Amino acid sequence: MKISKYVIGLFTLMAFMALNSACNKDGEMLIVKNGVFQENALSVSASSLVLSATSDADTVVRFQWPAVDFGKETAVSYTLELTTPEDTVGLNGWQAAKVFVIDRNVLTYGFTGKVLNNLVSSMGLVPETQGQIVARIKADVNQYNGAASTVNTAFSNAVLLQITPYGLNLYVPGDYQGWNPAAAPFIGPVAGKAGLYEGYVYINGSGIQYFKLTSAPDFDHINYGDGGNNTFSTDGNAAGLSVPEGGYYELTADLNNNTWTAVQTTWSMLGDATPGGWVTDTELQYDEVKQVWKTTAYLSSNGSFKFRANNGWVIDFGINADGDLSYADNPFFGYDASVMNITVPESATYDIVLDLHVPGKYTYSLTKK
């Protein structure tokens, strides 16, 4: 069968037109542009907060903001930044900010009371004192391959929050004091280290001594019991924590990972200012009534000394640049090379007192006889 050359030409023309039409048809173009937050885009549910342990589990503040337009169908990630007002000044502002990366295209972020209290405490806010924190949101366009975006970061307005954190003590009721939390000693928060607590407790009695840590001087709030392997359980029915015998213990707690330690201690002095030099410890005796360690000894102004636990260099005190008693060595805090030996004003016999009964406010005194 013969096909007319005119028919063949017609098919060829139609195919060319279809191909040309397909080649010239433009798809929808996606344009990415620099984004800008609306004026006063960032808002906060409360700009003044007084935190307390009773609101630990509650969302006490929430930040919200509208989406930033970087162009159609762009994946935008947001980051919440928190810092102190002093850190927002100058070209290098916000360098010390705490950052919280938020899921893509999510437009809100909240903090529970416990998390916020730990956070602002680590930023230097003083317990029971109103301090200031500044917050802002930054927005970035994500590259599909993870590379840094060439689109400029967009920043929201900054909002100021007035926050009064609380200093949570952990009370230590137990066998040794009749399980009476209202009269129990306590360990205190470590300044500048969110979630860490430390202190000394005299647990008298013989044999195994059981106790718990409580977030208030009662059993009506959080009770920390035995979770096994030196961990906490917040189950009110959990067994008590324990030490193998009575004694003077350094107790520590890390509520970031729910772990605790108990180290039994006795205290002494060692150094060339003391009678035993750097060889033999001068032992201190514990006074249960005054809750201090003490002794009387001749000290030389030509030397220096440190207080140390258990005749070793695992836990020991010197003085810091302000002249205050400070840990040089402690496994819970690490080694501090800046802590110096303690010196003596003049050679003489002294009444020496080491007072560790107020958490975080450890002191010593040398009283010339």
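The values are calculated or read from the model by the stated rules, or taken from the named source; none is laboratory data. A quick note: this is a predicted structure, and the numbers were derived from the prediction, not measured. Counting neighbours? That spans all protein chains shown, and the Cβs are built from the backbone with ideal geometry, glycine included. The protein model used for the area step is the full one, side chains on, heavy atoms only, and it has no ligands, DNA or RNA in it. Shrake-Rupley method; radii C 1.70, N 1.55, O 1.52, S 1.80 Å.
For the reader, a short list of remarks on this structure follows.
- Whole-percent carbon and sulfur share, accessible surface of the range 28-136, 1.4 Å: 50 percent
- Degrees separating the helix 5-24 axis from the principal Cα axis of the chain, which is the longest one: 30 degrees
- Added length on full extension, which subtracts the Cα-Cα distance from 0.36 nm per residue, PHE333 to THR259: 25.2 nm
- The separation of the range 43-97 from the range 180-197, counted between C-alpha centres, amounts to 29 Å.
- Relative contact order (%) - the chain, alpha-carbon pairs under 8 angstrom, separation at least six: 11 percent
- Nearby aspartates and glutamates by direct alpha-carbon distance to LYS369 (threshold 16 angstrom, same-chain neighbours under 8 apart not counted): GLU346, ASP351
- Note, ³J(HN,Hα) from phi for the range 246-254, Karplus 6.51, -1.76, 1.60, rounded to Hz, x at Gly and Pro: x, x, 9, 10, 8, 9, 10, 9, 10
- Around the Cα centre of the chain, unit charges on the Cβ atoms of Lys, Arg, Asp and Glu (plus for the first two, minus for the last two) sum to a dipole of about 1740 debye.
- Ligands, DNA and RNA are left out, and with a 1.4 angstrom probe the accessible area of the chain is 53 Å² per residue.
- The 1.4 Å probe gives accessible areas that order SER121, SER268, largest first, as SER121, SER268.
- Karplus-based coupling profile of the range 162-178, in residue order and whole Hz: 9, 10, 10, x, 10, x, 6, 8, 10, 7, 10, x, x, 3, 5, 10, x, with θ = phi - 60° in 6.51 cos²θ - 1.76 cosθ + 1.60 and x standing for Gly or Pro.
- Axis angle, to the nearest 10 degrees, between helix 113-122 and the longest C-alpha principal axis of the chain: 70 degrees.
- Here the accessible area is traced with a 1.4 Å probe on the protein chains. For the range 158-220, carbon and sulfur cover 54 percent of it.
- Protein accessible area in the range 242-369, 1.4 Å probe - carbon and sulfur %: 49 percent
- In Hz, Karplus ³J(HN,Hα) per residue of the range 270-276 (6.51, -1.76, 1.60; θ = phi - 60°; x = Gly, Pro): 9, x, 6, 8, 9, x, x
- Solvent exposure ordering (accessible area, 1.4 Å, most first) of PHE307, PHE37, PHE333, PHE155: PHE155, PHE333, PHE37, PHE307
- Using Cβ point charges alone (K and R +1, D and E -1), the dipole size of the range 76-171 about the Cα centre works out to roughly 160 debye.
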